[in-house]
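The values are calculated or read from the model by the stated rules, or taken from the named source; none is laboratory data. Treat the numbers as computed from the prediction; the structure is a model and nothing was measured. Counting neighbours? That spans all protein chains shown, and the Cβs are built from the backbone with ideal geometry, glycine included.
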Amino acid sequence: MQATSSQVRKAVITVVVLSVLGVLLVAAVGLYRSQQTPPQPLPFNHQVHVQKVGLSCLYCHSNANKGQSAGMPTTQRCIACHQQIEPTTEGERILRQYAENEESIPWVPVAIMPDFVYFSHQVHVNANISCEQCHGEVGQSTIAPSLTKKQNMGWCLACHQNQPQERVARLTSCEACHK
């Protein structure tokens, strides 16, 4: 039995629609997963370190005012304080193991910019933009959170357009963020 042109057309439309839905589903799952907090090698309680101990963001993320990446705390940075206290939590015991084995803590970044975007923490920190403006109230969290604010081009442009008028043209040009 031969298929009629109407049947072929319906089959093609069905395949196209299902393919588009499949692509959209994969994209949606990817977007959802990219917004989730990745598992870290040890639990880090920002709330204790910021609110109780009084550390600033720059103490652990010491490259934020010097370079493109804020940097992650080194094992040596963490153990400098933690070697003076007896480990009482699982995270402190894991930290002690990294230090004893002279291993770097394999932190997993929670904010990764696409390759076509140029972002410098140094420029923003030195312009007196607080960490909280972009990252939210991380100092109140008990785990490294995923981005609390959806950082995308529109979000960045909204902030850049809200600057003094003499800087808006430079900050909103494509070259400001796309190198």
Any hit, the range 149-159, residues being over 27 Å from residue 37 (Cβ atoms), outside any loop (DSSP other than H, G, I, E, B) and modelled with pLDDT of 90 or more: no
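On the basis of being polar (S, T, N, Q), over 19 Å from residue 55 (Cβ atoms) and surrounded by 11 or more Cβ atoms within 10 Å (Cβ to Cβ), does residue 151 make the cut?
yes
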Among residues of the range 86-107, those that are of a type outside the set (D, E, K, R), in a loop (DSSP other than H, G, I, E, B) and either surrounded by fewer than 13 Cβ atoms within 10 Å (Cβ to Cβ) or in contact with a helix residue (DSSP H, G or I) (Cβ under 6 Å, 6 or more places away or on another chain) (or both), counted: 7
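Restricting attention to the range 127-146, report how many residues are part of a loop (DSSP other than H, G, I, E, B) and either more than 14 Å from residue 47 (Cβ to Cβ) or at pLDDT 90 or above (or both).
Selection size over the range 127-146: 5.
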Checking residue 18 against (1) over 24 Å from residue 87 (Cβ atoms); (2) touching a helix residue (DSSP H, G or I) at 6+ places or on another chain (Cβ under 8 Å); (3) at pLDDT 90 or above, the condition it does not meet: (2)
Flag for residue 82 being within 30 Å of residue 127 (Cα to Cα) and surrounded by 15 or more Cβ atoms within 10 Å (Cβ to Cβ): no
Candidate set: the range 111-128, residues that are within 24 Å of residue 143 (Cβ to Cβ) and in contact with a His (Cβ under 9 Å, 6 or more places away or on another chain); chosen: the one surrounded by the most Cβ atoms within 10 Å (Cβ to Cβ): 121
Flag for residue 47 being within 20 Å of the chain's Cα centre (by Cα) and modelled with pLDDT under 95: yes
Candidate set from the range 156-179 (those that are surrounded by 11 or more Cβ atoms within 10 Å (Cβ to Cβ) and under 24 Å from residue 63 (Cα atoms)); member that is farthest from the chain's Cα centre (by Cα): 171
